[in-house]
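Trainee: Dumping the structure here so I can ask a few things about it.
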Amino acid sequence: MAGERVGLLIEGPGGPGVLHQLTGVIARHEGDISLVEILENAPERSRIYFEVELPGLPDALVGELQGLPIVRSVTLTETFQKIYGKRVIIMGGGAQVGQVAIGAISEADRHNIRGEHISVDTIPLVGEQALAAAVRAVARLPRAKALVLAGSLMGGEIERAVREVRQQGLLVISLNMAGSVPEAADFVVTDPVQAGVMAVMAVADTAKFDPARLKRRVF
């Protein structure tokens, strides 16, 4: 595991300064924290998960962490990237989301059998403000690589949110729907099952599909 990213699940009592003490130890071992999640935070028990890039083996770091009075246990784990891999997010109307998911899950299975790790997340949502907030939140989700907007009418604030997350590097695919969102997306797919397939192909290393080489935007 030398020079690799490792996962660390640390358990102990909660309270002010816990995170500061843990990150101080990680810094002393030249660890570069790439992800931190507070899974549980109560006075009697806290669980904090780190993903850390280390220049060497994690044994010394784990030993010093276990020596802290605030730490009850330290568990080395596989990283989320290694287990769940890249994420495709599908949101919009329930029926359309379900159809896109059929295509995405089927295609992800094909690539995961060949060594990929691609996971598919769905959330049925309605309402301009709710969808716009959800679109913006995707850019903050770890490992999210593509967003599929599945609905019959989206525009306004949702369109502005789509343009924002695209500027942050997120691939956005839209179903062919009413409203201005299709104009803001990277490309538009009429068939929802095919939209799911193309989203997975676009993020898979084992596929040869490159959205940047598309000569048209609507399919």
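Trainee: Against the definition (in the same structural domain as S106 (by TED's automatic domain parsing), small (G, A, S) and closer than 18 Å to R140 by Cα), how does A161 come out, yes or no?
Mentor: Judged against the criteria, A161 is a match.
Trainee: Here's a follow-up. Answer with yes or no whether A137 is under 18 Å from A212 (Cβ atoms), of a type outside the set (K, R) and under 16 Å from the mean Cα position of the chain (by Cα).
Mentor: Here the answer is no, as A137 does not meet what is asked.
Trainee: Could you run through segment 200-212 and say how many residues are in contact (Cβ under 8 Å) with a residue 24 or more places away in the chain and in contact with a helix residue (DSSP H, G or I) (Cβ under 6 Å, 6 or more places away or on another chain)?
Mentor: 6
Trainee: For A60, only one of the following conditions fails: (1) in a helix (DSSP H, G or I); (2) crowded, with 20+ Cβ neighbours inside 10 Å. What is its number?
Mentor: In the conditions (1) in a helix (DSSP H, G or I); (2) crowded, with 20+ Cβ neighbours inside 10 Å, A60 misses (2) alone.
Trainee: In segment 178-219, how many are buried (at least 21 other Cβ atoms within 10 Å of the Cβ) and assigned to a loop (DSSP other than H, G, I, E, B)?
Mentor: Qualifying residue count for the region: 2.
Trainee: Picking from A130, A108, A144, A104, which residue would you name as being surrounded by fewer than 19 Cβ atoms within 10 Å (Cβ to Cβ) and assigned by TED's automatic domain parsing to the domain that holds R166?
Mentor: Selected residue: A130, the only one of A130, A108, A144, A104 that is surrounded by fewer than 19 Cβ atoms within 10 Å (Cβ to Cβ) and assigned by TED's automatic domain parsing to the domain that holds R166.
Trainee: If you don't mind, there's one more thing I want to ask. Being aliphatic (A, V, I, L, M) and either surrounded by 19 or more Cβ atoms within 10 Å (Cβ to Cβ) or not assigned by TED's automatic domain parsing to the domain that holds V181 (or both) is the filter here, so list the residues in segment 84-101 that pass it.
Mentor: Within segment 84-101, V88, I89, I90, M91, V97, V100, A101 qualify.
Trainee: Confirm whether Q81 is at pLDDT below 90 and under 25 Å from V135 (Cβ atoms).
Mentor: yes
Residues are listed down the side, and each one gets a yes or a no for (1) surrounded by fewer than 16 Cβ atoms within 10 Å (Cβ to Cβ); (2) within 25 Å of the chain's Cα centre (by Cα); (3) closer than 29 Å to I118 by Cα:
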{"residue": "L8", "(1), (2), (3)": "no, yes, yes"}
{"residue": "Q21", "(1), (2), (3)": "yes, no, no"}
{"residue": "P43", "(1), (2), (3)": "yes, no, no"}
{"residue": "F50", "(1), (2), (3)": "no, yes, yes"}
{"residue": "E53", "(1), (2), (3)": "yes, yes, yes"}
{"residue": "T77", "(1), (2), (3)": "yes, yes, yes"}
{"residue": "F80", "(1), (2), (3)": "no, yes, yes"}
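Trainee: Which of the residues spanning segment 164-177 are more than 16 Å from V100 (Cα to Cα), in contact with a helix residue (DSSP H, G or I) (Cβ under 8 Å, 6 or more places away or on another chain) and either among the β-branched types (V, I, T) or surrounded by fewer than 16 Cβ atoms within 10 Å (Cβ to Cβ) (or both)?
Mentor: Passing the criteria: E164, V165.
Trainee: While we're looking at this one, here's another question. Just wondering, is there one or more residues in segment 49-70 that are β-branched (V, I, T), closer than 27 Å to L170 by Cβ and not assigned by TED's automatic domain parsing to the domain that holds Q129?
Mentor: Scanning segment 49-70 turns up at least one residue that is β-branched (V, I, T), closer than 27 Å to L170 by Cβ and not assigned by TED's automatic domain parsing to the domain that holds Q129.
Trainee: While we're here: Six or more apart or on different chains, Cβ atoms under 9 Å: show the pairs whose first residue is in segment 53-79 and over 14 Å from D32 (Cα atoms) and whose second is among the aromatic types (F, W, Y).
Mentor: T77/Y49
The values are calculated or read from the model by the stated rules, or taken from the named source; none is laboratory data. All values derive from a computational prediction rather than experimental measurement. So basically every Cβ, Gly included, is an ideal-geometry build from the backbone, and we count neighbours across all protein chains shown.
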